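Structure, as structure tokens:
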Amino acid sequence: MVVWEGERPREPHLFCAASGHCNVYRDMMNKQRNSSRNPIRLLLHIPVPWVFVLTYGLGAGLEFMLRPYPRTDPPRVVAAAGAVLLASGAAIAAWSLLIFHKAGTTTVPGRTSSSLITRGPYRFSRNPMYVGLVLAYLGEAGILKQVWPVVLLPMIVVYLSRVVIPVEEARLTEVFGAEYEHYRATVRRWL
């Protein structure tokens with residue numbers, strides 16, 4: 001521990017040099033630089049379920065503003081199918097989340113997992129929570145008979161596939177190595 005006589009240096013790099021906390025400062029600066037270079041990565045700070053909620057809200061707003069009126073309602077089967085999709089998606093996502101909680105591991109992308117989950121819905125998909133959220137999203141759109149949220153859904157899938165899932169997979173490979181590579185080779189990313 002450094003005991004300062006007089007005034008403590010105001011510049012972080014002076015404090016770093018004087019105190020030996022260079023690694024902390026360097027890590028902080030690298031994190032800041034990496035975030036500023038890739039603004040999409042900033043979205044990782046938004047929980048994935050909220051990405052779905054916010055995108056759906058945007059789609060509902062577009063639906064309200066851009067849908068032509070008078071509007072023709074689709075057949076009732078659309079709402080019924082939506083209810084089935086919503087219930088199925090919510091059940092899959094809840095089941096997946098419950099397995100994570102029972103195992104005591106994290107659901108936050110990029111955080112270190114304490115165990116590799118390969119049972120339950122994870123036997124069929126490496127990302128059943130995301131599959132469940134997509135199904136629930138589609139179901140909600142069906143129940144409310146909205147088109148614009150469905151039009152925006154591919155943006156979420158691309159974001160998950162190109163930003164979130166690669167971060168998760170890199171972390172899992174780092175932590176679990178060959179065990180995760182084997183799981184990755186035998187179970188599909190989505191379905």
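Every number here is computed from the coordinates shown, using simple stated rules; none is lab data. A quick note: this is a predicted structure, and the numbers were derived from the prediction, not measured. Positions of Cβ are generated from backbone atoms using ideal geometry, with glycine treated the same way; all protein chains shown enter the neighbour counts.
Annotation for the range 48-85 versus the range 129-191: alpha-carbon center distance of 20 Å. Judged by the mean number of other Cβ atoms found within 10 Å, the most tightly packed of the peptides 82-93, 149-160 leads the ranking 82-93, 149-160. Computed over the range 45-186, the P(r) curve from all C-alpha pair distances, binned at 5 Å from the origin, holds 2, 9, 16, 20, 18, 12, 9, 6, 4, 2, 1, 0 percent per bin.
Relative to the current alpha-carbon distance between residue 158 and residue 181, full extension at 0.36 nm per residue lengthens the span by 6.0 nm.
Pick out, in residue order, every one of the trypsin sites (Lys or Arg not before Pro) in the range 51-140 that is DSSP loop and has at most 12 other C-beta atoms within 10 Å; say none if there are none.
Working: sites: 71, 76, 102, 111, 119, 123, 126; in loops: 71, 111, 119, 126.
For trypsin sites (Lys or Arg not before Pro) across the range 51-140 that sit outside H, G, I, E and B with at most 12 neighbouring Cβ atoms in 10 Å, the list reads 71, 111, 119.
Other residues whose C-beta falls under 13 angstrom from the C-beta of residue 105 contribute a net charge of +3, scoring Lys and Arg +1 and Asp and Glu -1.
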